[in-house]
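Below is one structure, written out as C-alpha cells, with a few remarks after it.
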Amino acid sequence: MDSMSSRRLRAFKRWMKSQGIQWSSDAIHFQFTDDNEDGISVIAVRDITQGEVVASIPKAACLTVRTTGASHIIGETGFGGCLGLSLALMYEISLGDLSPWAPYLRLLPRSQSLPLLWTLSEVDRFLLGTELHKIVEEDKALIYDDWKESILPLIHPHNLHPEFFGVDQYFAARSLIASRSFQIDDFHGIGMVPLADLYVYFNHKTGAEDVHFTCGSSDSESDSEGDEDDTEADLSFTEHTLDQVPSSPLPECSSDDLKVLEMIMVKDVKAGVEVFNTYGSAGNAGLLHRYGFTEPDNPYDIVNIDLDLVLEWSTSLFSARHSRARLGLWRKLEYSGCVSENAEYFEISFNGDPQVELLLLLYIMLLPEDDYHKLDLALSTANNDKHSINLILSEKGNISLVKGSEINQDLLLTESVCDALLWLANKRESLYSTNSIKDDIEALGGCSEKERKLYHSLMLRVSERRILEKLRTYASVGTKLLNFTKQKGKRLKRS
C-alpha cells in the first residue's frame, strides 16, 4: 500500500471514530490489496468466535437520500431507489472536502469496473453471445435515459456543478451503488454504508465465506443479489439503540437514526486467516454484471435457452400453427419458463441439466397428433382442471402433468426430445463468436487477470460454453440409453 493510500485509510479511520462507527481493531485488520487498488483484504488478527460483534455503524453515518445535503432536491423530485441515491452520491462528491462524508468518499474508487461502463463496441466485442450481452446494452440505454430525463434538468435550476453531474458521473455513481449499496430500512431505503462496503470487498469465495451482510431489522434485508437465508451467513446486521450520538453529527435525520447496525460473526475464524465474503448464490453472469469479476468453476453458473429459440426449432420442423397450438396446450397446463422483463427462457444448470418445463414443452411439441388431441380434449372436458389429468402420453408410462408434482425426467427423454436438445445447444452455441471453445480456453490461459475486461469476459464465455457441452452430453447419453433399452427389449422378445 503506497503512502497516499495509507493516508486515506488513516483519515477514514479517524472519520469513522468521529461519527460513532466502531470496529474491533484487535479482531480485524483491513488494507488495500497489492494487486487491486480498489480491493480490500481483511485478516483476522486473532481468533474470532461466532456471535462476536466486530463493528457497529450508526444509521446517521450512512449516506442516503435522507442524510445527504441534497435531500431537499430529492424530496422535491420524489426520486427514490438508485436514482435518488445516485443524485445524493454525486452531490456529496461535488462538495469535495465540505462534504460530511469526504474521508469516506476519498476512499471509494471513482467507479466500479462493471460492464455497464464499457463502451458499446467493448460490450459487443467481449460479451457477444453471453447472457450479459443484451442485458448490458439495455442497461446502458435505460440509465442514459434516466440521466437525460431526471438529472440533466436539475443542473441549472439548482446551481449544480455540471462537471459533477454529467452522464459519465451518473454512470460512475450507478456502478458504485450497484456494487456497494445496502438496503438500510424503510425510512432510508438503500444507502452507502461506510465500513460495511469495505467488507463487501473482502475477497470473494463462493460457498466458503466468512462474512456476510444482512440487515437484522424486520423491515429490511441485504441488498446483495441472491442472498441466502441468514443461517447460511457469516456476519449479520442487527439493530440496536445508539448510546451516544456522533461527536460531529451529520445532517439531521429521524429519531430512528439513533440506532446502529451491528455486524455480528456467525462463524468462527482463526487468527491470521483471510476473511472471505460471499455475494450470494450468483453465477458468473451475475457477478460480472453487478460486481465486475467472475470465478472459476462457479457452481451457480447457468445458461438460458430463450423461448424464441425453442419456437425457432419447432417451426423448422412443423408449421407455425402447430407450434402455436402446442405452446398453447403447454400454457393451458399452467406451465411457463422463467420470466425477466419481456423475455421468457429456460435455465440449463451448471451440470447441464435442462429445466423440466423445457423438457415438457419439447415433449408436447413432439406429441403425435392422436395423443395431442387426446390431451387437449381431456383439458376441455375437465374445464381446464389440470389436477385431474393423468394421461398415458407414450408407451413409456404415465406422465403426470400436474404442476408441482415430481416428474420423472427420464420419461420425457424420447429420442426426438434428445435431438431437440442437441439442436438447441448447437444453436445457442452459434451465438458466440466464430472462435471455438478450445480457442477461448487457450485465450483465457494466456490472459492476465489484470486485463479485467478480456479476462472476465473470457471466463464467462468459457463457463457458459462448458455448460452447453454438458447439455449436449446429457442429450447424447439420453439417446444412448434409449437405444440400449430398445435393443434389450428386442432381445427379450426373441428369447
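The values are calculated or read from the model by the stated rules, or taken from the named source; none is laboratory data. Here the structure is a predicted model, which means the values were calculated and not measured. Note: accessible area is taken over every heavy atom of the protein model, side chains too, but ligands, DNA and RNA are not part of it. Shrake-Rupley method; radii C 1.70, N 1.55, O 1.52, S 1.80 Å.
Per residue, the accessible area of the stretch 409-449 comes to 51 Å² when a 1.4 Å probe rolls over the protein heavy atoms. Residues in the stretch 286-366 average 42 Å² of solvent-accessible surface per residue, probe 1.4 Å, ligands and nucleic acids excluded. Convex hull volume of the Cα atoms of the stretch 61-157, normalised per residue: 123 Å³.
Legend: distances between Cα atoms for K134/K480; K13/K270; K59/K267; pairs beyond 28 Å are K134/K480.
Using 0.36 nm times the number of residues separating E442 and L120, minus their current alpha carbon distance, what extension gain do you get?
Working: separation 322, 0.36 × 322 = 115.92 nm, distance 2.54 nm.
Full extension of this stretch gives 113.4 nm more.
The stretch 128-184: percent of C-alpha pairs farther apart than 18 Å? Cα-Cα pairs of the stretch 128-184 separated by over 18 Å account for 46 percent. When the alpha-carbon atoms of the stretch 82-138 are used, the pair Rg, Dmax equals 15.6, 46 angstrom. For the stretch 84-152, the share of accessible area belonging to carbon and sulfur comes to 56 percent (1.4 Å probe, ligands and nucleic acids excluded). The mean accessible area for residues of the stretch 60-122, using a 1.4 Å probe and ignoring ligands and nucleic acids, is 37 Å² per residue. Per-atom-type breakdown for the stretch 287-375 gives carbon and sulfur 49% of the accessible area (1.4 Å probe, protein chains only). For the stretch 1-124, the C-alpha radius of gyration divided by 2.2 N^0.38 Å, with N the number of residues, is 1.26.
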